Amino acid sequence: AQSVAQPEDQVNVAEGNPLTVKCTYSVSGNPYLFWYVQYPNRGLQFLLKYITGDNLVKGSYGFEAEFNKSQTSFHLKKPSALVSDSALYFCAVRDMMNSGGYQKVTFGTGTKLQVIP
Amino acid sequence: EAGVAQSPRYKIIEKRQSVAFWCNPISGHATLYWYQQILGQGPKLLIQFQNNGVVDDSQLPKDRFSAERLKGVDSTLKIQPAKLEDSAVYLCASSAGLAGGDTQYFGPGTRLTVL
């Protein structure tokens, strides 16, 4: 069974500092990995995804994520945080292994990012 | 490009009442998803359609929840009768197809409060 973990409920970072939001996953085969952001009273907004290829994925709003197969991680990063980045961030995984069926996407529990002015 | 549309945005009902949510996906997207997001948790898939067929409804409480996508475009999710524990945000999403790397695009959600 596939699973995804976001070990931090909340991350606080000062504006202008680099930020990291952690995500680890477990799948049978190779993963498809996604990051979404959710602002208050809004749906989830796609940031970036890893399918294959370069381990460093660049996405919207200056965010990037690094796929690390040996550590089964897909941490979200940004070099310089903005107050407007404050939101709820979700990591999601889908197992590429398809043993006769299809795999749904499994979402983490979310990490609240607070950027302090 | 218009995004995923959902209505209503908010709904308050009493337990044992019924409620319905509507979703219109991005034009041309064959796959439509309904998720339940309880406060403090990540979205949980309730049902997934490919065109007008059900791909996965394994986590749909079928004794009270139903969903349809009759013409392969918009979809309706119904709860009858509602329970207190159904209070959540119901998110609709769509993607171009069923490929594993396909991105899901989400609507704004419907916040349901069951009293």
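Within region B:39-50, being at the interface with another protein chain (Cβ under 10 Å from one of its Cβ atoms), over 13 Å from the mean Cα position of the chain (by Cα) and under 20 Å from B:GLY109 (Cβ atoms) holds for B:GLY40, B:GLN41, B:GLY42. In region A:42-63, the qualifying residues are those that are over 14 Å from A:PRO31 (Cβ atoms) and in contact with a Leu (Cβ under 6 Å, 6 or more places away or on another chain), and the one that is surrounded by the most Cβ atoms within 10 Å (Cβ to Cβ) is A:GLY43. The condition of being among the β-branched types (Val, Ile, Thr), within 21 Å of B:THR31 (Cα to Cα) and either surrounded by 17 or more Cβ atoms within 10 Å (Cβ to Cβ) or within 14 Å of chain B (Cβ to nearest Cβ) (or both) does not hold for A:VAL21.
Where strands (runs of 3 or more DSSP E) fall wholly inside region B:51-115, the ranges with 2 or more residues that are within 14 Å of chain A (Cβ to nearest Cβ) and crowded, with 19+ Cβ neighbours inside 10 Å are B:88-95, B:110-114.
Given the condition more than 26 Å from B:VAL4 (Cβ to Cβ) and facing another protein chain (nearest Cβ under 9 Å), answer yes or no: does some residue in region A:91-110 qualify?
no
Values in this text are rule-based calculations from the coordinates and carry no lab data. In this text, all values refer to a predicted model and were calculated from it rather than measured experimentally. Glycine gets a Cβ as well: all are built from the backbone with ideal geometry, and neighbour counts include every protein chain shown.
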